Amino acid sequence: MSLTQLIHTVSIKVQLNEEDLLEKLKILAEVVKDEIFPKERLTHYNIDLSTIETILNELLRMGFASKYFTYDCEDTDSVDFAVNLNEKCAHCGQTLKNSENHLINESYKLNSIYLELIKDQKKENLKKYLIDDFRPNLEKLKSRTKKLIPFLGAGVSIPFRLPSWGDLLRELERGLSDTNREKYIDIINKGDYLRALSFLKLYSGLYKNESMIKKEIKNIIKRKYVKESNLSHHNIIDILKLDTQFILTTNYDNIVSDFLRDYRDEFIMPQILETLDDLQDLMDDNSQKVIHLHGNVEIPNSMIVTKDDYDKLYEANQIKYVLNGIMSNRTLLFIGFSFEDEYFKDLYDKIFTYIKGEHFIIVPNLHPFDAEELLRRHLIPIGINVNKNEKHDFVKGIKTVLEELY
């Protein structure tokens with residue numbers, strides 16, 4: 001049976017589209033590998049229990065998985081597994097069936113054929129999306145996964161109906177005269193987003209001060225955010241599966257924390273610079289933390305919205321303290337940024353003055369000739385092929401790269 005046949009059959013059973021099902025099948029392989037596992041282990045990966053049960057039943061029926069019984073022997077305080085309940089406990093000698101001294105749970109194990117099919121499918125995706133000239137860069141990135149910190153830009157949030165930087169600013173053009181609106185759009189089109197916000201504060205008849213701009217940005221984010229459940233349409237779970245201690249972002253929204261709550265089955269408070277007064281405690285805490293360098297939508301006063309705010313932030317000691325503290329011998333992977341806009345270029349240059357080293361960025365449709373500017377800035381590109389006419393193709397390309405890092 002091919003993986004294609006498996007996906008088609010199971011997608012009908014669980015009533016999921018084939019792309020979303022494939023993501024769940026890949027998660028299954030990535031999480032449990034060749035280990036014996038209980039089905040409950042998968043409920044933290046945005047897969048409901050009924051879907052898990054249906055998938056496992058179909059895998060058993062098709063011969064892609066085997067069923068086991070994990071048992072806890074209360075007499076000897078030992079844990080083991082058996083193929084059937086007529087077996088005797090390896091520790092106390094009692095027959096497992098109908099035994100009152102054993103806690104028994106159904107468990108499963110994926111077979112090697114299934115794992116190979118998933119592996120082959122990933123190879124095909126990599127061949128499709130990775131621009132071959134950048135394969136050595138991906139290999140270099142793979143060697144640094146234990147020291148990796150994802151750094152997320154606005155592109156990561158777009159699949160959740162949130163606007164890009166440029167589109168967000170265009171929604172704020174009310175209150176400008178025709179002449180000033182033309183100048184405002186021109187600044188946005190040049191990618192100078194924070195300067196555009198400074199312009200807005202000066203010339204808008206509606207947004208007289210920063211607090212009004214921040215309030216409206218919060219309203220836009222709250223109004224537009226739609227939690228996308230289709231795993232093939234976004235990269236949040238892919239990023240969380242990297243299992244890094246920190247995730248840095250310049251985004252105001254709480255999308256990552258929203259998914260992190262489901263993924264870890266606990267709420268982990270998103271961090272802003274003002275709350276990071278004890279960096280040692282932060283480093284000692286092993287939970288996956290999201291740090292919003294430019295503020296958080298739930299704390300509007302923390303949001304960096306003008307060029308003056310931005311310049312003051314990167315001249316202050318706090319951000320140097322935080323970046324130096326968490327970036328010691330670490331490597332950044334920039335996701336959801338475009339090196340074509342001035343905002344990211346300036347952001348990266350400011351950050352690089354504190355952290356040095358070599359860092360990585362995933363870039364769509366990058367010609368090797370155009371990679372030279374990135375390399376001069378010690379920013380190593382991973383170029384991916386993206387069909388701009390396919391809505392989620394950039395997401396799939398990023399997903400393909402990140403899957404190589406698990």
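The values are calculated or read from the model by the stated rules, or taken from the named source; none is laboratory data. For clarity, every value in this text was computed on a predicted model and none was experimentally measured. Glycine also receives a Cβ, built like all others from the backbone with ideal geometry; neighbour counts cover every protein chain displayed.
Kindly evaluate residue 76 against the criterion of being in a loop (DSSP other than H, G, I, E, B), assigned by TED's automatic domain parsing to the domain that holds residue 12 and modelled with pLDDT under 95.
Taking the combined requirement at face value, the residue satisfies it.
Of all the residues that make up segment 164-205, how many are within 20 Å of residue 309 (Cα to Cα), among the aliphatic types (A, V, I, L, M) and part of a loop (DSSP other than H, G, I, E, B)?
Qualifying residue count for the region: 1.
Would you check if there is a residue in segment 95-116 being touching a strand residue (DSSP E or B) at 6+ places or on another chain (Cβ under 6 Å) and either more than 26 Å from residue 57 (Cβ to Cβ) or free of Cβ contacts under 8 Å to residues at least 12 places away in the same chain (or both)?
yes
Among the residues of segment 320-332, write down those that are surrounded by fewer than 18 Cβ atoms within 10 Å (Cβ to Cβ) and not basic (Lys, Arg).
Correct list: 321, 324, 325, 328, 329.
Please determine, by comparing only the residues of segment 372-397 that are under 30 Å from residue 353 (Cβ atoms), without any contact (Cβ under 8 Å) to a residue 40 or more places away in the chain and part of a helix (DSSP H, G or I), which one is nearest to the chain's Cα centre (by Cα).
Within segment 372-397, the match that is nearest to the chain's Cα centre (by Cα) is 374.
Given the conditions (1) farther than 14 Å from residue 110 by Cα; (2) touching a strand residue (DSSP E or B) at 6+ places or on another chain (Cβ under 7 Å); (3) not aliphatic (A, V, I, L, M), and given that residue 38 satisfies all but one, which numbered condition is not satisfied?
Residue 38 satisfies all of (1) farther than 14 Å from residue 110 by Cα; (2) touching a strand residue (DSSP E or B) at 6+ places or on another chain (Cβ under 7 Å); (3) not aliphatic (A, V, I, L, M) except (1).
Can you name the residue in segment 137-163 that is assigned to a helix (DSSP H, G or I) and basic (Lys, Arg) and is also farthest from residue 248 (Cα to Cα) among such residues?
140
Of the residues 184, 225, 203, 252, which single one is of a type in the set (Phe, Trp, Tyr) and in contact with a Gly (Cβ under 8 Å, 6 or more places away or on another chain)?
Every option except 252 fails the conditions.
Here's the yes/no breakdown for (1) of a type in the set (D, E, K, R); (2) within 16 Å of residue 403 (Cα to Cα); (3) at pLDDT below 85; (4) in the same structural domain as residue 113 (by TED's automatic domain parsing):
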site: 9; (1), (2), (3), (4): no, no, no, yes
site: 28; (1), (2), (3), (4): no, yes, no, yes
site: 33; (1), (2), (3), (4): yes, yes, no, yes
site: 44; (1), (2), (3), (4): no, no, yes, yes
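Could you say which residue among 335, 304, 299, 291 is surrounded by fewer than 21 Cβ atoms within 10 Å (Cβ to Cβ), at negative phi and either modelled with pLDDT of 85 or more or not aliphatic (A, V, I, L, M) (or both)?
Selected residue: 299, the only one of 335, 304, 299, 291 that is surrounded by fewer than 21 Cβ atoms within 10 Å (Cβ to Cβ), at negative phi and either modelled with pLDDT of 85 or more or not aliphatic (A, V, I, L, M) (or both).
Test each condition in (1) among the acidic types (Asp, Glu); (2) touching a helix residue (DSSP H, G or I) at 6+ places or on another chain (Cβ under 8 Å); (3) touching a residue at least 40 places away in the same chain (Cβ under 8 Å) for residue 35 and report the one that comes out false.
Failed condition: (2).
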